[in-house]
Amino acid sequence: MTEIFTGSFTQQEPIPEEGIAAALEVLRHGRLHRYNTAPGEISQTALLEEEFAALSGARYCVAVASGGYALSTALRAVGVGAGDSVLSNAFTLAPVPGAIAAVGGVPVLVGVCGDLTIDLDDLTAKAGKARVLLLSHMRGHICDMDRLMAICEAAGVTVIEDCAHTMGAAWNGVPSGRHGAVGCHSCQTYKHVNAGEGGFLVTDDEDIAARAVLLSGSYMLYERHRAAPGPEAFERVKYVTPNMSGRMDNLRASILRPQLRALPGKVAAWNARYRLVEDGLRGTQGLRLIERGEAESYVGSSIQFLLPDWSAAKVAEVLRRCIRRGVELKWFGAAEPVAFTSRYDSWHYAPTAPMPATDRILAGLIDMRLPLTFSLEDCAMIARIIRAEVSTVFQSETPKI
Ligand SMILES: *Cc1c(COP(=O)(O)O)cnc(C)c1O
């Protein structure tokens, strides 16, 4: 019997009842704007910022409209302006180079290693070209952060971390987003907490925090922030920092607060699914798993594997066969950008010299989401399907297309 999987790779869990109740309360009182508070009231957004700061161990947190907005705000807050070069990963998603473009910056892309982290040798070689690195922990893979920070400190490069896939993850016990000057997170539906859209920026630097609050659209209401520096920090920057509205609102904040409390349990549930798929794929001929180091505590909300040095035709055949059996794989080697997935050479606004070593990895790189609506049995079945189809194609002659 041929197994067919019928689950949806884009279906997340419902919003917790506690969040629904909190959202209804906000809808009923109607004060959705974060600075619209009754006397003595602390807004849901201000509380959310305090809770996320505590969760990540940061002094300051600003909640904003999206992950991409958090990235561009962080770049502005550390002083990136038009024409400035910004180092970033060649292997990431489009909002990352997009955030650099949003501030008029020029991306300088750094290659990827076989473990899907940034190529630190390539970073060393390029570090002199920019003052800022926008580091994407793409698909949750965290590089040797000690070595990365040493390279950047030696070159005078400020690090901003894109933690869209690492909320709840850590490296050597330090939460992701807490190594660099700023950590940016996304609360978009497909990330680790779901508000539809939303983002966070965390930092210990009071000038960066004050600028980020003003940039996010605080007008002169910044005193209503709680996870923010004191008025002196705002006095220093308030006349020179433009208001670029991109605020979080109380409705989204209300549904996020219970989700932050539930995060550790969700991380455990993701990792149980991740390990099941990984175990099911282990030893498949022609397929290489991405081994995770001891120092990395990751969140397995998606899984990646390599079909190293396979022909494009054979990789495409695996994708076709898997989707026929209900298993939706993404391929970072496809010539054209598809849905959420694109390759650095598709970003024509960020022209880059070819990177053959990176191209070789991306050519065989497969990615799959693991939403928590999948049961453990679903995950075991998905692994069986991929294993069978990869093995069949691996052993076949070059497929006809
Ligand atoms: C989703 C994502 C972002 C940005 O998040 P949005 O909230 O969608 O703007 C940034 N980086 C990566 C790697 C992402 O996947």
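The values are calculated or read from the model by the stated rules, or taken from the named source; none is laboratory data. Keep in mind that this is a model prediction, so the values were computed, not measured. Every residue, glycine as well, gets a Cβ built from its backbone with ideal geometry; the counts of neighbours run over all protein chains shown.
May I ask you to list the residues in segment 137-162 that are farther than 17 Å from VAL78 by Cα and not charged (D, E, K, R)?
Restricting attention to segment 137-162, the residues satisfying the condition of being farther than 17 Å from VAL78 by Cα are 137-148, 150-151, 154.
Answer for segment 137-162, where residues must be farther than 17 Å from VAL78 by Cα and not charged (D, E, K, R): HIS137, MET138, GLY140, HIS141, ILE142, CYS143, MET145, LEU148, ALA150, ILE151, ALA154.
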- Task: Could you tell me whether VAL96 is near the ligand (Cβ under 9 Å from one of its atoms), assigned by TED's automatic domain parsing to the domain that holds VAL108 and either part of a loop (DSSP other than H, G, I, E, B) or buried (at least 22 other Cβ atoms within 10 Å of the Cβ) (or both)?
- Result: yes
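If you go through segment 74-91 one residue at a time, how many are surrounded by fewer than 24 Cβ atoms within 10 Å (Cβ to Cβ) and within 16 Å of the ligand (Cβ to nearest atom)?
Qualifying residue count, segment 74-91: 1.
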- Item | Only listed residue being assigned to a helix (DSSP H, G or I), within 16 Å of the ligand (Cβ to nearest atom) and either without any contact (Cβ under 8 Å) to a residue 60 or more places away in the chain or in contact with a helix residue (DSSP H, G or I) (Cβ under 8 Å, 6 or more places away or on another chain) (or both), chosen from LEU27, LEU71 | LEU71
- Specify which of the listed residues (SER186, SER218) is closer than 30 Å to GLN11 by Cα and not aliphatic (A, V, I, L, M). SER186
- Item | Condition broken by ALA101, with the remaining ones in (1) crowded, with 24+ Cβ neighbours inside 10 Å; (2) closer than 16 Å to ILE160 by Cβ satisfied | (1)
- Query: What about ALA262, is it hydrophobic (A, V, I, L, M, F, W, C) and closer than 19 Å to ARG59 by Cα?
  - Reply: no
- ALA233 being without any contact (Cβ under 8 Å) to a residue 60 or more places away in the chain, surrounded by 18 or more Cβ atoms within 10 Å (Cβ to Cβ) and under 29 Å from PRO39 (Cβ atoms): yes
- Message: Of everything in segment 156-180, what is small (Gly, Ala, Ser) and touching a strand residue (DSSP E or B) at 6+ places or on another chain (Cβ under 9 Å)? Give them in sequence order.
- Response: ALA164, GLY168, ALA169, ALA170, GLY173, SER176, GLY177, GLY180
- Select from segment 105-144 the residues that are hydroxyl-bearing (Ser, Thr, Tyr) and surrounded by fewer than 22 Cβ atoms within 10 Å (Cβ to Cβ) and list them in ascending order. THR124
- Query: Only one residue in LEU256, LEU251 is of a type outside the set (Asp, Glu), assigned to a helix (DSSP H, G or I) and surrounded by fewer than 24 Cβ atoms within 10 Å (Cβ to Cβ). Which one?
  - Reply: LEU251
- Message: Looking at (1) more than 13 Å from the ligand (Cβ to nearest atom); (2) over 21 Å from THR203 (Cβ atoms); (3) in contact (Cβ under 8 Å) with a residue 12 or more places away in the chain, which one does ALA58 not meet, given that it meets all the others?
- Response: (2)
- Task: Could you tell me whether segment 14-25 includes any residue that is β-branched (Val, Ile, Thr) and farther than 13 Å from LEU256 by Cα?
- Result: no
- Flagged in segment 235-286 as aromatic (Phe, Trp, Tyr) and not assigned by TED's automatic domain parsing to the domain that holds ASP378, in numbering order, are TYR239
- Message: Considering only segment 47-55, I want to know if a residue exists there that is assigned to a helix (DSSP H, G or I), of a type outside the set (Ser, Thr, Tyr), outside the structural domain of PRO356 (by TED's automatic domain parsing) and more than 13 Å from VAL202 (Cβ to Cβ).
- Response: yes
